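The values are calculated or read from the model by the stated rules, or taken from the named source; none is laboratory data. For clarity, every value in this text was computed on a predicted model and none was experimentally measured. Methodologically, a virtual Cβ is constructed for each residue, glycine included, from the backbone with ideal geometry; neighbour enumeration extends over all protein chains shown. All accessible areas refer to the heavy atoms of the entire protein, side chains included, with ligands and DNA or RNA removed. Shrake-Rupley method; radii C 1.70, N 1.55, O 1.52, S 1.80 Å.
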Amino acid sequence: MTWIKVAHILCVMGWMTSIFAVPRALIYWKREHDRLGEFGPLGDLTIRLYRFSAGLGVIALATGLWLGGLLAMPGWVWLKLGLVLLLVAHYAWTGAMVIAARKGRFAYSDKFLRIFNEVSVLGVIAVLWVVIAKPF
């Protein structure tokens, strides 16, 4: 396995962890904010997790494009890229929620955030299916 594949796998794993963890952390951060009435340690943790994992996401996307280019970008890679871009949009929306929460604005309910979190799981499953099945 080449170093680029190793870097890609590690960065994807780190980014995926954050895709699942940050919306869940927002739920607990919202509860903490309601209890304390101010910015608490959970907010700091959520912001740091989001920032760190955003960097991993950029590296994962760059190495994925590099690896896709080495494969001459067959059709399944384009499908995977489209699904990954949907996950990027999901992550950007999560970032907007983190920024609003930093300002003390929690616009979404716990239920919405739980559903929002599960949507990303379905996206990741779709990406994994494409990578394994290589449908075209």
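Please verify whether the stretch 90-99 includes one or more residues that are under 17 Å from VAL127 (Cα atoms) and either open to solvent by less than 60 Å² (accessible area, probe 1.4 Å) or touching a helix residue (DSSP H, G or I) at 6+ places or on another chain (Cβ under 8 Å) (or both).
Going through the stretch 90-99, the residues under 17 Å from VAL127 (Cα atoms) turn out to be 90-91.
The next check asks that each one be either open to solvent by less than 60 Å² (accessible area, probe 1.4 Å) or touching a helix residue (DSSP H, G or I) at 6+ places or on another chain (Cβ under 8 Å) (or both); those that pass are 90-91.
Checked the stretch 90-99: at least one residue is under 17 Å from VAL127 (Cα atoms) and either open to solvent by less than 60 Å² (accessible area, probe 1.4 Å) or touching a helix residue (DSSP H, G or I) at 6+ places or on another chain (Cβ under 8 Å) (or both).
So which residues in the stretch 28-75 are free of Cβ contacts under 8 Å to residues at least 40 places away in the same chain and aromatic (Phe, Trp, Tyr), if there are any at all?
Those that are free of Cβ contacts under 8 Å to residues at least 40 places away in the same chain and aromatic (Phe, Trp, Tyr): TYR28, PHE52.
Output the number of residues of the stretch 14-59 satisfying the condition of being charged (D, E, K, R) and under 16 Å from ARG105 (Cβ atoms).
Summing the residues that are charged (D, E, K, R) and under 16 Å from ARG105 (Cβ atoms) in the stretch 14-59 gives 5.
Answer with yes or no whether ILE4 is farther than 30 Å from VAL131 by Cβ, among the aliphatic types (A, V, I, L, M) and either assigned to a helix (DSSP H, G or I) or in contact with a Pro (Cβ under 7 Å, 6 or more places away or on another chain) (or both).
No, not satisfied.
LEU70 is checked against (1) under 24 Å from PHE116 (Cβ atoms); (2) surrounded by fewer than 16 Cβ atoms within 10 Å (Cβ to Cβ); (3) aliphatic (A, V, I, L, M) and fails just one. What number does that condition carry?
Here LEU70 meets the rest and fails (1).
Give ILE125, ILE132, ILE47 a once-over and let me know the one that is surrounded by fewer than 16 Cβ atoms within 10 Å (Cβ to Cβ), over 21 Å from THR2 (Cα atoms) and β-branched (Val, Ile, Thr).
Among ILE125, ILE132, ILE47, only ILE125 is surrounded by fewer than 16 Cβ atoms within 10 Å (Cβ to Cβ), over 21 Å from THR2 (Cα atoms) and β-branched (Val, Ile, Thr).
Give the number of residues within the stretch 1-44 that are surrounded by 14 or more Cβ atoms within 10 Å (Cβ to Cβ) and of a type in the set (Ser, Thr, Tyr).
Residues meeting the conditions: 2.
If I filter the stretch 100-118 for residues that are under 13 Å from the mean Cα position of the chain (by Cα) and either open to solvent by 80 Å² or more (accessible area, probe 1.4 Å) or not hydrophobic (A, V, I, L, M, F, W, C) (or both), do I get at least one hit?
yes
Matching residues to (1) of a type in the set (Lys, Arg); (2) under 18 Å from GLY82 (Cα atoms); (3) modelled with pLDDT under 90:
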residue: MET1; (1), (2), (3): no, no, yes
residue: GLY14; (1), (2), (3): no, no, no
residue: LYS30; (1), (2), (3): yes, no, no
residue: LEU45; (1), (2), (3): no, no, no
